[in-house]
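The structure appears below as structure tokens.
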């Protein structure tokens, strides 16, 4: 940063402590404070708050700087501003296991994800979810990471220990439901409501009676994907059945 | 974990969108090393700053490489640019801010420069 033209003003301010000169210096160095604050965005604190902390730190740096020591102001100011912003972030974060802001975002993420699945019959990509939440992909990954460490129920948890779902339980029919599923008419109804991939899944799981692991292998996807897809399909089928469509 | 020798190496396209991968990798390593959340946040900010600095040099970077390891109670990290040989179309960054921010976040920072600009940035911190 070229601050040579501000050196005489800084020297005059050091000699006179004139509030007008101080304001002029702060105003001129505000872009520097903002540039430093920008580096700390995405850590759960609003941009405006960070900029305010950085501006206060800048004022402190202007007041404490001693030009007679031969250093450039920016050399002194940048660590001062960065240090104050970082300390602010640390103070904000301490005492909060999961920041309230993050909890709200986690809740919002779950709602948006479920809504997306209901509307598009598939899971949103990380980018789609981040866009819908108006956050960066990085923040989203941070949230996903945080979610794994909290007790908020995971949407990805397999239904059973081995991920073996029970269609009858999911569709709300009695234990004899498998027989019903096997009935051609019933199966035809189900298969008419799903897409190709889902059809393959249901055939492997409920006609061929394969476990999720084996189904995943056959479909070339992970067991977790099978679990999620299956839960989604069954929930949709249940909704269709209940609505009588 | 902290004293167990371990190393990660990552090669990324020199594109700001990929910086996220470097950040995630390093924060994962920090997590394995038992760093607290605040320190991991600092590590992420420092990674971002290093990558941003390497991308905004006079000579265009083609790829960014990340080497990090935990050894003798410290996490060592080095990010370097593999240059393409052509001029960069990105505006130059402010090296002074980069240095100031990095030195605030990390206890031991070194920037290696030559006529083409900053080519690699290293830092280490106790874990």
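The values are calculated or read from the model by the stated rules, or taken from the named source; none is laboratory data. Keep in mind that what you see is a predicted model, and the values were worked out from it rather than measured. All Cβ positions, glycine included, derive from the backbone under ideal geometry; neighbour counts span all protein chains shown.
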Margin query: Of everything in region A:126-140, what is within 25 Å of residue B:40 (Cβ to Cβ) and in contact with a helix residue (DSSP H, G or I) (Cβ under 9 Å, 6 or more places away or on another chain)? Give them in sequence order.
Written below: A:126, A:127, A:129, A:130, A:133, A:135, A:136, A:137, A:138, A:139, A:140
Check: If you check residue A:112 against the conditions, is it touching a helix residue (DSSP H, G or I) at 6+ places or on another chain (Cβ under 7 Å) and under 26 Å from residue B:94 (Cα atoms)?
Finding: no
Checklist line | Number of the condition not met by residue B:100 [criteria: (1) part of a strand (DSSP E or B); (2) surrounded by 16 or more Cβ atoms within 10 Å (Cβ to Cβ)] | finding: (1)
Check: Out of the residues in region A:18-58 that are closer than 13 Å to residue A:84 by Cβ and surrounded by fewer than 17 Cβ atoms within 10 Å (Cβ to Cβ), which is farthest from the other protein chains (Cβ to nearest Cβ)?
Finding: A:52
Notebook entry, point to check: Just a yes or no: is a residue in region A:102-118 within 14 Å of chain B (Cβ to nearest Cβ), assigned to a helix (DSSP H, G or I) and under 30 Å from the mean Cα position of the chain (by Cα)?
Noted result: yes
Check: If you scan region B:104-118, which residues turn out to be farther than 22 Å from residue A:79 by Cβ and surrounded by fewer than 19 Cβ atoms within 10 Å (Cβ to Cβ)?
Finding: B:114, B:115, B:116
Check: Applying the selection to region A:192-225, what residues are under 19 Å from residue A:238 (Cα atoms) and exposed (fewer than 14 other Cβ atoms within 10 Å of the Cβ)?
Finding: A:192, A:195, A:196, A:197, A:207
Margin query: Against the condition outside the structural domain of residue A:137 (by TED's automatic domain parsing) and in contact (Cβ under 8 Å) with a residue 24 or more places away in the chain, how does residue A:15 come out, does it pass?
Written below: no
Margin query: Against the definition (at pLDDT below 50, more than 21 Å from residue B:41 (Cα to Cα) and surrounded by fewer than 14 Cβ atoms within 10 Å (Cβ to Cβ)), how does residue A:168 come out, yes or no?
Written below: no
Next item on the list: Mind telling me which of the residues B:34, B:73, B:30 ends up being surrounded by fewer than 19 Cβ atoms within 10 Å (Cβ to Cβ), touching a residue at least 60 places away in the same chain (Cβ under 8 Å) and within 30 Å of residue A:102 (Cα to Cα)?
Entry: B:34
Check: Can you tell me which of A:215, A:136 is farther than 17 Å from residue A:110 by Cα and at pLDDT 70 or above?
Finding: A:215
